[in-house]
Structures are given as structure tokens and as C-alpha cells.
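Step one of this worksheet: look at the structure below.
The values are calculated or read from the model by the stated rules, or taken from the named source; none is laboratory data. Small disclaimer: the values here were computed from a predicted structure and weren't measured. So basically every Cβ, Gly included, is an ideal-geometry build from the backbone, and we count neighbours across all protein chains shown.
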Amino acid sequence: MGNITKYNIDELEKRIRYSFKDTSLLVTALTHSSYANESRDKISDNERLEFLGDSVLGLVIADYLYGMFDQYREGNLTKIRASIVSEGSLAEIARSIELGEFLYLGKGESNTGGRNRDSILADAVEALIGAVYLEAGLEQAKEVIIRLFTPVIKKSYEGKGFQDYKTQLQEVLQKFSDKEINYQVIKEKGPDHNKEFVVEVHHNGQAIGTGKGKSKKEAEQQAAKEALEKNTWVKR
């Protein structure tokens with residue numbers, strides 16, 4: 001994308017069924033750090049909005065599930081929520097509205113497939129939610145979230161959603177251990193626009209799984225998955 005046009009704004013607003021009064025908020029939500037870093041002008045990227053949107057999303061989904069599944073206990077609700085707000089699910093939602101085509105990306109990020117990268121798409125969805133919340137408040141943000149997330153919510157409570165290996169690992173370990181589980185980034189490779197993270201998951205002072213990914217979240221999930229698959233003592 002070059003400069004955002006009225007067509008771009010109108011088309012994206014139709015897809016999310018929300019019209020921004022302040023279109024600069026929308027532009028910021030669509031601006032990846034790689035684009036902001038390459039720009040000659042001082043412009044804001046979407047990371048602050050992403051931070052805000054992540055919290056709003058977590059609250060809205062928790063509230064929705066609490067009201068919808070009054071027969072479920074905390075553990076079940078936690079599993080479903082984790083599946084719904086996972087990077088994979090957020091990326092799926094982004095693709096359903098073709099959000100990648102509207103993003104401002106730096107040349108390197110764009111040339112290496114950034115418009116279809118799960119981590120970038122997931123962050124942009126959260127930034128979009130943050131922008132709606134900032135402009136119109138919680139109720140309007142909730143309307144947008146529920147509209148966009150209904151298919152993912154349905155898949156998650158039917159057991160067809162994203163597999164949250166971190167939650168699974170925590171539940172398995174908590175059955176026989178009160179020791180903490182923590183995730184450590186042990187290596188970062190590649191340029192900013194195409195990084196790969198290597199993460200280890202540790203329990204009781206021991207590394208029990210390693211994972212790689214284009215984001216820390218993805219690498220953590222893969223580390224937890226390996227811990228579940230490789231360590232027979234975890235499965236007991």
C-alpha cells in the first residue's frame with residue numbers, strides 16, 4: 001500500500017462493519033513497525049494499539065464465555081478462551097477479512113510474505129480492536145469482536161479450534177508438580193523483518209522442550225508441544 005485511500009477505508013470498514021470517525025486511528029492500527037522504521041516521517045506503528053486491543057479482547061471473550069457457558073467450570077472456560085485468542089485463531093480471522101492487503105509493511109517485510117504471516121496478522125487484529133475501543137468504547141468494541149470471532153468461538157467450543165499446547169502442558173504438569181513452568185528465548189535469528197525465535201520451556205530447573213517460530217508466541221507453543229510429545233513422564 002501507498003497512502004490509504006477512501007476506497008481502502010470504506011472497504012475495510014464494510015468488512016468489520018464499523019466506520020471510524022478518526023481515520024488516523026485506523027491508519028495507525030494498520031501500520032507495522034517495519035513501515036514506520038522505513039518512513040522518512042515520524043509515524044506511529046500499531047504496537048501500542050495492539051497492547052490495548054489484546055486486553056480488550058481477553059476481557060470481552062471471557063465475559064462472553066462466562067455468560068454463554070454457565071455450566072462450564074474455570075478450566076473449561078480457560079481452554080476455550082485460550083483457543084479463541086490464540087495467534088492462529090487471530091490470523092484466521094484476519095484472513096477472513098483479507099486484512100493483510102490493507103497493512104502498511106516495510107519493503108523487506110512485504111517481500112518476505114509478511115502480509116500472510118500469522119504473527120503480523122494477529123497483531124493487526126488486536127490493534128484494530130484497540131482502535132475501535134479507543135474511539136468508541138467497550139460496547140462498540142464488543143460488537144465488532146463478537147461479529148468477527150463468532151466462527152472461531154463456535155469451532156473452539158466444538159473442540160475444533162487451535163490447539164493451545166501451553167495450557168495443555170500446564171494442566172498436565174500441575175497434576176503432580178507445584179513447580180513453575182517458564183519459557184526462555186534462547187536465540188533470535190534473522191533481520192527484524194524476518195526474525196525466527198528459539199524458545200525453551202523449563203520446569204523444575206530442567207529444559208523439557210524447544211520450539212521455533214516467527215514470533216515468541218508461536219515458538220512457545222511449539223516448545224510446549226515438543227514437551228508433551230517427547231517426555232513420557234509428562235504424559236503420565
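A few remarks follow.
- Of the residues making up the stretch 45-70, just one is in a loop (DSSP other than H, G, I, E, B), in contact (Cβ under 8 Å) with a residue 12 or more places away in the chain and loosely packed, with under 15 Cβ neighbours inside 10 Å, namely Phe69.
- When the stretch 90-121 is filtered for residues that are touching a Ser or Thr at 6+ places or on another chain (Cβ under 9 Å), surrounded by 19 or more Cβ atoms within 10 Å (Cβ to Cβ) and either among the β-branched types (Val, Ile, Thr) or farther than 15 Å from Asp45 by Cβ (or both), the ones remaining, listed by number, are Ala91, Arg117, Asp118, Ile120.
- Residue, surrounded by the most Cβ atoms within 10 Å (Cβ to Cβ), within the stretch 177-205, restricted to residues that are touching a Gly at 6+ places or on another chain (Cβ under 8 Å) and part of a strand (DSSP E or B): Val201
- Scan of the stretch 57-104 for residues that are at negative phi and either of a type in the set (D, E, K, R) or touching a strand residue (DSSP E or B) at 6+ places or on another chain (Cβ under 9 Å) (or both), ordered by number: Asp63, Asp70, Arg73, Glu74, Lys79, Arg81, Glu87, Glu92, Arg95, Glu101, Leu103, Tyr104
- Options Ile84, Ile146: the member that is under 20 Å from Tyr72 (Cβ atoms), assigned by TED's automatic domain parsing to the domain that holds Leu12, at pLDDT 95 or above and touching a Phe, Trp or Tyr at 6+ places or on another chain (Cβ under 8 Å): Ile146
- Counting only residues that are part of a loop (DSSP other than H, G, I, E, B) and either surrounded by 17 or more Cβ atoms within 10 Å (Cβ to Cβ) or at pLDDT 95 or above (or both), the stretch 1-16 holds 1 of them.
- Unique residue being over 23 Å from the mean Cα position of the chain (by Cα), surrounded by 12 or more Cβ atoms within 10 Å (Cβ to Cβ) and either at pLDDT 90 or above or part of a helix (DSSP H, G or I) (or both) when the list is Ile208, Ile153: Ile208
- Criterion violated by Ala36 - all others in (1) surrounded by fewer than 18 Cβ atoms within 10 Å (Cβ to Cβ); (2) in contact with a strand residue (DSSP E or B) (Cβ under 9 Å, 6 or more places away or on another chain); (3) in a helix (DSSP H, G or I) satisfied: (1)
- Residue within the stretch 152-168 that is assigned by TED's automatic domain parsing to the domain that holds Glu74 and over 28 Å from Glu229 (Cα atoms) present: no
- The set of residues from the stretch 186-218 being closer than 21 Å to Ser34 by Cα and small (Gly, Ala, Ser) comprises Gly190, Gly213, Ser215.
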